[in-house]
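Scroll down for the structure; my scribbles are underneath it.
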Amino acid sequence: NPYAGLVNHLRTTWLSRRTWPMEYRVAQLEALGRFLEEKEDEILEATTLDMGKPRFETQLSEIFVCRSELNHTLNNLSTWMKDEHVKKNWAMQLDSAFIRKDPYGVVLIIGPWNYPINLLLVPLIGAIAAGNCVIVKPSEVSKNVERLMAETLPKYLDKDCFAVVAAGVEGTTRLLENKFDYIFYTGSPSVGRVVMTAAAKHLTPVTLELGGKNPCYVSDSCHVQNTARRLAWGRFFNAGQTCIAPDYVLCSLEMQEKLMPALREAIAEFYGPNPQESSSFARIIGDRHFQRVRALLSSGRVAIGGQTDTGTHYIAPTVLVDVQQDDPVMKEEIFGPVLPILTVKSMDDAIAFINARERPLAIYVFSSCKQVVNQVLERTSSGGFCGNDTLMHFTLTSLPFGGIGQSGLGNYHGRFTFDTFSHPRATLLRGNGREAFNKLRYPPYEPRRLPLLRSATQTRRHQTCAIL
């Protein structure tokens, strides 16, 4: 296996416990911060070359997010690393019981192409903070970012503990044959299954950050103009190539008639009369993805946009109406600047529509009525939820980010990233004395000891008091 030597080298280093001290972890995290600072212009250039991504969007969604995650981790790492003392029963009152946060060992992080810096470095930050040795595998689809990461990131990090592997499908398959102690993958559900199958051969735990069709219910009570702007921004940011973008809208026919002119106005406000000339609108990553998204425009009827350009992989911000639930655009995650609108008669119908499908990575709802927002929250299931906005829940390091069911397994961001890459090691430290107390549990057994043992070890349910 071409990567066996690399994995074994990192494992040898990890076993030497070089990555365990907090001072080492902090030094590597600070080095990662220098990478973001010193290579910012190169990052901006690479993402522009790969997908025409506006510099503003790259700074906001790639660099700012990584810096925020990095600073949050550095601010809190000493607290996160402390042993977590736990409650004890009567028999253990004189002992020490706590959870120690051990690193897993050698971990693999496989990143996607749509946010190739953010979705690779944010997990890396947590893996370093937790004391692991790490191999990161950038996506080969975003080839300019891949080259940048492979050539420059190793210059900032300890080469004995951290490595970048540039590989395509075949190379990644060979990489996955090796035994890792943890695998973190971001991408499609189909590849997620491949990763999970490879991990199962070694009983390796995984985090899978996948995608799905994220519904957005727009109630009749919403603020139409604000809803249109926030919806258009979330759908067309990065040309719709965002795993948590609203994938389709559910609303009444009356709301659709109000929403259409508001969406048309918002798109013109954001990107001008011809979005193809806008410096604020990205392009589709490559020809294969362009052809796939363009084919989805045949679903329903194009009400806004619909223009395409093969040479530049441009697809205009597009809104589809008269869409049916069995149309091609409703059978797969769009991952492009296309927003289908389906009409429903009520909130109950919208909730039933959502619950009849795989659980998504995010659910969005727009309403001026708190009861409507709460009803959708309480009666549905998803990785994340956002009321009266889109995407913004992703920016909070205090919230876990991850999917459920088809949309993923596990979560991260902030403390949750550190916990993902840490093994919670249950620890009990007892003294050598007080052997008289232990005789109660030793053979030969005597039934009369059971009441004492039960009182010493068993947790009792608290009594509740109801005031009539």
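The values are calculated or read from the model by the stated rules, or taken from the named source; none is laboratory data. Note that this is a predicted model, so its numbers are computed, not measured. Glycine gets a Cβ as well: all are built from the backbone with ideal geometry, and neighbour counts include every protein chain shown. SASA here: full protein model, heavy atoms, side chains in, ligands and nucleic acids out. Shrake-Rupley method; radii C 1.70, N 1.55, O 1.52, S 1.80 Å.
Here are some notes:
- The set of residues in segment 323-347 being touching a helix residue (DSSP H, G or I) at 6+ places or on another chain (Cβ under 9 Å) and closer than 27 Å to Ser368 by Cβ consists of Val323, Leu339, Pro340, Ile341, Leu342, Thr343, Val344, Lys345, Met347.
- Filter result for the condition that a residue is open to solvent by 80 Å² or more (accessible area, probe 1.4 Å), in contact with a strand residue (DSSP E or B) (Cβ under 8 Å, 6 or more places away or on another chain) and not assigned by the TED database to the domain that holds Trp90, over Leu396, Leu428, Leu452: Leu428
- Cβ separations smaller than 7 Å between residues 6+ apart or across chains give the following pairs from segment 421-439 residues that are within 30 Å of Ile109 (Cβ to Cβ) to residues that are open to solvent by 90 Å² or more (accessible area, probe 1.4 Å): Arg425/Arg100; Thr427/Arg100.
- Conditions (1) touching a residue at least 60 places away in the same chain (Cβ under 8 Å); (2) closer than 23 Å to Ile63 by Cα; (3) among the basic types (Lys, Arg); number of the one not met by Arg100: (2)
Per-residue answers, yes or no, for (1) acidic (Asp, Glu); (2) assigned to a loop (DSSP other than H, G, I, E, B); (3) farther than 27 Å from Gly52 by Cα; (4) without any contact (Cβ under 8 Å) to a residue 12 or more places away in the chain:
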position	(1), (2), (3), (4)
Glu269	yes, no, no, no
Ser279	no, yes, no, no
Leu320	no, no, no, no
Gly336	no, yes, no, no
Phe353	no, no, yes, no
Pro360	no, yes, yes, no
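- Residue match in segment 34-48 (condition: open to solvent by 60 Å² or more (accessible area, probe 1.4 Å), of a type outside the set (Gly, Ala, Ser) and in contact with a strand residue (DSSP E or B) (Cβ under 7 Å, 6 or more places away or on another chain)): no
Residue by residue, here is whether (1) under 22 Å from Ala456 (Cα atoms); (2) among the aliphatic types (A, V, I, L, M); (3) outside the structural domain of Leu124 (by the TED database) holds:
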site: Ser61; (1), (2), (3): no, no, no
site: Phe64; (1), (2), (3): no, no, no
site: Leu70; (1), (2), (3): no, yes, no
site: Asn75; (1), (2), (3): no, no, no
site: Met81; (1), (2), (3): no, yes, no
site: His85; (1), (2), (3): yes, no, no
site: Lys101; (1), (2), (3): no, no, no
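- Tallying residues that are open to solvent by 50 Å² or more (accessible area, probe 1.4 Å) and of a type in the set (Val, Ile, Thr) within segment 75-110 yields 2.
- Glu151 without any contact (Cβ under 8 Å) to a residue 40 or more places away in the chain, assigned to a loop (DSSP other than H, G, I, E, B), surrounded by fewer than 24 Cβ atoms within 10 Å (Cβ to Cβ) and of a type outside the set (Ser, Thr, Tyr): no
- Residues within segment 442-458 that are more than 15 Å from Met92 (Cβ to Cβ) and hydroxyl-bearing (Ser, Thr, Tyr), tallied: 2
- Qualifying residue in segment 298-308 (condition: in contact (Cβ under 8 Å) with a residue 40 or more places away in the chain, assigned to a loop (DSSP other than H, G, I, E, B), farther than 21 Å from Ala350 by Cβ and in contact with a strand residue (DSSP E or B) (Cβ under 9 Å, 6 or more places away or on another chain)): no
- Filter pass, Phe385 being outside any helix (DSSP H, G or I), open to solvent by less than 80 Å² (accessible area, probe 1.4 Å), assigned by the TED database to the domain that holds Met330 and among the aromatic types (Phe, Trp, Tyr): yes
- Enumerated strands (runs of 3 or more DSSP E) restricted to segment 163-261, each holding at least 3 residues that are within 19 Å of the chain's Cα centre (by Cα) and crowded, with 17+ Cβ neighbours inside 10 Å: 182-186, 206-209
- Matching entry among Val329, Val319 (being over 24 Å from the mean Cα position of the chain (by Cα), in the same structural domain as Gly234 (by the TED database) and either open to solvent by 50 Å² or more (accessible area, probe 1.4 Å) or modelled with pLDDT of 95 or more (or both)): Val319
- Sole exception among (1) outside the structural domain of Leu70 (by the TED database); (2) under 13 Å from the mean Cα position of the chain (by Cα); (3) open to solvent by 20 Å² or more (accessible area, probe 1.4 Å) for Phe416, by number: (1)
- Residue within segment 401-415 that is within 24 Å of Tyr104 (Cβ to Cβ), part of a helix (DSSP H, G or I), in contact (Cβ under 8 Å) with a residue 24 or more places away in the chain and in contact with a Lys or Arg (Cβ under 8 Å, 6 or more places away or on another chain) present: yes
- Within segment 1-31, the residues that satisfy the criterion of being under 14 Å from Gly126 (Cα atoms) and in a loop (DSSP other than H, G, I, E, B) are Thr19, Trp20.
- Count - residues of segment 66-97 that are closer than 30 Å to Leu6 by Cα, hydrophobic (A, V, I, L, M, F, W, C) and in contact (Cβ under 8 Å) with a residue 60 or more places away in the chain: 2
To keep it simple, each residue is scored yes or no on (1) in contact with a Gly (Cβ under 9 Å, 6 or more places away or on another chain); (2) farther than 27 Å from Ala46 by Cβ.
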{"position": "Met149", "(1), (2)": "yes, no"}
{"position": "Lys155", "(1), (2)": "no, no"}
{"position": "Cys161", "(1), (2)": "no, no"}
{"position": "Ala166", "(1), (2)": "no, no"}
{"position": "Gly171", "(1), (2)": "no, no"}
{"position": "Lys179", "(1), (2)": "no, yes"}
{"position": "Tyr182", "(1), (2)": "yes, yes"}
{"position": "Gly192", "(1), (2)": "yes, no"}
{"position": "Thr197", "(1), (2)": "no, yes"}
